[in-house]
Each structure stands twice: as C-alpha cells, then as structure tokens.
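Report on the structure given below.
The values are calculated or read from the model by the stated rules, or taken from the named source; none is laboratory data. Computed from a predicted model, the values in this text were never measured in an experiment. No Cβ is skipped: glycine too gets one built from the backbone with ideal geometry, and neighbour counts run over all protein chains shown. Keep in mind that these areas ignore ligands, DNA and RNA; they rest on the heavy atoms of the full protein, side chains included. Shrake-Rupley method; radii C 1.70, N 1.55, O 1.52, S 1.80 Å.
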Amino acid sequence: MTKHEIKLIDNTYPLEEGNELIMALINDKIKFLNMKVFSLQERFGSDTSKFEQRIAELKEEKNQLQLKLKSLENSHKVVEIDCHIHLKIKQREHVLV
C-alpha cells in the first residue's frame, strides 16, 4: 500500500472568503457525485442510493455551516481552514459497477 498526503488548504481567511472557499469545495463534491449518479443510472441502471445519501449528507452539512457562518456575520471573525487529503493506494478487493 502506498500513502500520499496533499495539503489542500492551510490558511486563515476573513469569514466571507472562508465561507466562499468551503462552499465551492462542497458544491464541487456535490456536482461530482450528481454526475456519477447520472452516469451510473444511464449507463448501467445501477443502484446509486449510497451516492444519493452522501449528496443529502453534504447538502445538510452545507446548510448547517451556512447557518452557523451567517450568525457570525459582522463579528469581524476569521476562519482557519486546515484541509489535508490523505490517500491510501492499495489493491482493489472487488470490481465496482
């Protein structure tokens, strides 16, 4: 197994800018999953319930974060974002369809 780490974000941002950055990341992930769902359904008629559940979870997380950050507007706070991606590259156990 090979491991790799990417330091994607490691900075402090004004509240509004930090909000924009995090929302863009979440929106991109939701968009990626929506495209995956569409592709799997159209091409293979596959069960996409796990992807759809994850989309729902991300949307809920996004809504909760937006409420939290909105409540802090005009507070002159900053947001520190520390986002690392940890990859483990290993042999696939079974083929996914």
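When the Kirkwood radius is taken over all Cα pairs of the chain, what Stokes-Einstein diffusion coefficient follows at 4 °C and 1.567 mPa s, in µm²/s?
Translational D for this selection: 81 µm²/s.
Under a 1.4 Å probe, what is the accessible area of the chain per residue, stated in Å²?
I get 84 Å² per residue for the chain.
What percentage of the solvent-accessible surface of the chain, computed with a 1.4 Å probe over protein heavy atoms, is contributed by carbon and sulfur atoms?
52
Rank these residues by their accessible area, most exposed first, probe 1.4 Å: Phe44, Phe51.
Working: Phe44 110, Phe51 65 Å².
Final ranking, largest accessible area leading: Phe44, Phe51.
Provide the per-residue ³J(HN,Hα) series for segment 76-87, in order, calculated from phi with Karplus coefficients 6.51, -1.76, 1.60 and θ = phi - 60°, each as a whole number of Hz, with x at glycine and proline positions.
Along segment 76-87, the couplings run 6, 8, 10, 10, 9, 10, 10, 10, 10, 10, 9, 9 Hz.
Excluding His84 itself, calculate the net charge of residues whose Cβ lies under 9 Å from the Cβ of His84, where each Lys or Arg counts +1 and each Asp or Glu counts -1.
-2
Could you name the aspartates and glutamates in cross-link range of Lys62, using Cα to Cα under 19 Å and dropping any fewer than eight places away on the same chain?
Result set, ordered by chain and number: Glu16, Glu17, Glu20, Asp28, Glu52, Glu73, Glu80, Asp82.
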